[in-house]
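First up is the structure itself, then whatever we jot down about it.
The values are calculated or read from the model by the stated rules, or taken from the named source; none is laboratory data. This is a predicted model, so every value here is computed, not measured. Don't worry about glycine lacking a Cβ; one is built from the backbone with ideal geometry, like all the others, and counts go over all protein chains shown.
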Amino acid sequence: MKDQRNRANPYARVHSPTATVSSPAMDPKIWSRFPAELLEHVLSFLPLKTFFNLRSTCKRFNSLVFSPSFVSKHSSSLPSFLLLSHPQFHLSFALYDSYLATWRDLSLSSLSAPTRPSSSLLSASNGLLCFSLPSSFSFLVCNVLANSWRVIKFPFYPFAFDILSLISTPFGYSIFTVSSRSNSNITFVFYSRTNSWREFDGFEPILSDNYHEKGVYFNGCLSFTTPEPFSVVSFDLETGKWERSDAELPNDLTFVRLVSGGGGEEGRGKGKLYLIGGIGRNGISRSMKVWELSEEMGKWVEIERVPEMMCQKFMSVCYHNYHHVYCFGHQGLICICCYTWPEILYYKASRRTWHWLSKCPSLPDKWSCGFRWFSFVPKLYASV
């Protein structure tokens, strides 16, 4: 009876602890003709980590994952995150999925790039991250999703800069830096399209009294705010020219920050430019408002006011030290942060509502400063 059962079911021996496991061979003549569109469909259901591990299995998978059809079909379905950096994280980051309202971890331990504990995250843009490599006087630009990276040597010694911004678009990326030397500002820009640095004259006076703030990419230019008397200046990344905006700023400002939204974030479309500022007297903010730049009217138009209780809480956590306040845009959100506080005050433009993003649950209570938030939107096509 045992032999008959085995003949009736040729795989019955697989369950025997001493038997050799066997499986039917995959005929390469059949599988080599498997339609590419079906393979793309199957791969789209895999977890993200497993999905990218397939790159090393064969050349076909590697090319298929980054094919134009696959990218156009699946890159919009990738989640986006608010990324929290802190010196104590040591090349690991906390990620907040604003859509699912969940926390995750991102570790760079598996990245083959030459990162070190001394490396710090400086800027992020459309799937690319820019780190400092002080020991080699270089920057590291990487796409964590694609496990690709590039080391870019700083153009002069010493390795010092006051402001740095990474700008990534579908047409390439740039690293913008401003360095103070001999009582003047010098602008250096790295262009990935030409793999070279260019030097430009700086802008006087200094751009900002807030070193946690980055340039805001809007309509092909990087925009900055200057210290009092407050103004907005822009640097054209193609021509290297500086211009001061003619749009008059609101009265009684105690601090100002810029945020871009819409098409301006990725270089497509017009986009929007927002101004976030404190209103008060004698350097003390009593309220915070949001303005949008109307290019047709050439002026800033007030669109929102931070609710009084939320404004009071934010002012109390930053102790009216506005040097630590910075802002950025993220997927329809305007995020207002403080370098010394682990929470985010954000405005959801689609619903016109204000919210607090509470502290990351895994963050130790003893960490009191050094919190840096970034918009992290993974991109398959973001090439280094």
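Going residue by residue through the stretch 350-366, is there one that turns out to be at pLDDT below 95 and closer than 22 Å to residue 217 by Cβ? For the stretch 350-366, residues at pLDDT below 95 and closer than 22 Å to residue 217 by Cβ: present.
Restrict the check to the stretch 95-103 and report whether at least one residue is closer than 30 Å to residue 133 by Cα, of a type in the set (A, V, I, L, M, F, W, C) and modelled with pLDDT under 60. For the stretch 95-103, residues closer than 30 Å to residue 133 by Cα, of a type in the set (A, V, I, L, M, F, W, C) and modelled with pLDDT under 60: absent.
For the stretch 332-344, the criterion of being farther than 22 Å from residue 103 by Cβ and either buried (at least 18 other Cβ atoms within 10 Å of the Cβ) or not aliphatic (A, V, I, L, M) (or both) is satisfied by no residue at all.
Only a single criterion out of (1) touching a residue at least 24 places away in the same chain (Cβ under 8 Å); (2) over 13 Å from the mean Cα position of the chain (by Cα) is not satisfied by residue 92, namely (1).
Sort through 329, 370, 280 and tell me the only one that's touching a Ser or Thr at 6+ places or on another chain (Cβ under 9 Å), part of a strand (DSSP E or B) and surrounded by fewer than 18 Cβ atoms within 10 Å (Cβ to Cβ).
On the way: 329 fails: surrounded by fewer than 18 Cβ atoms within 10 Å (Cβ to Cβ); 370 fails: part of a strand (DSSP E or B).
Answer to the selection: 280.
Matching residues to (1) within 19 Å of the chain's Cα centre (by Cα); (2) assigned to a loop (DSSP other than H, G, I, E, B); (3) within 28 Å of residue 87 (Cα to Cα):
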| site | (1), (2), (3) |
| --- | --- |
| 291 | no, no, no |
| 296 | no, yes, no |
| 302 | no, no, no |
| 315 | no, no, yes |
| 362 | no, yes, yes |
| 384 | yes, yes, yes |
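Taking residue 114, is it modelled with pLDDT under 80, surrounded by 11 or more Cβ atoms within 10 Å (Cβ to Cβ), under 28 Å from residue 133 (Cβ atoms) and more than 17 Å from the chain's Cα centre (by Cα)? When the stated conditions are applied, residue 114 passes them.
Scanning the stretch 279-320 for residues that are without any contact (Cβ under 8 Å) to a residue 40 or more places away in the chain and in contact with a Pro (Cβ under 8 Å, 6 or more places away or on another chain) gives 279, 289.
In the list 167, 186, which residue meets the criterion of being surrounded by 13 or more Cβ atoms within 10 Å (Cβ to Cβ) and more than 21 Å from residue 260 (Cβ to Cβ)? Before you say what the answer is, go through the steps one by one.
Working: 167 fails: more than 21 Å from residue 260 (Cβ to Cβ).
Of the residues listed, the single one that is surrounded by 13 or more Cβ atoms within 10 Å (Cβ to Cβ) and more than 21 Å from residue 260 (Cβ to Cβ) is 186.
Against the criterion of being aromatic (Phe, Trp, Tyr), surrounded by 20 or more Cβ atoms within 10 Å (Cβ to Cβ) and touching a Cys at 6+ places or on another chain (Cβ under 6 Å), residue 300 does not qualify.
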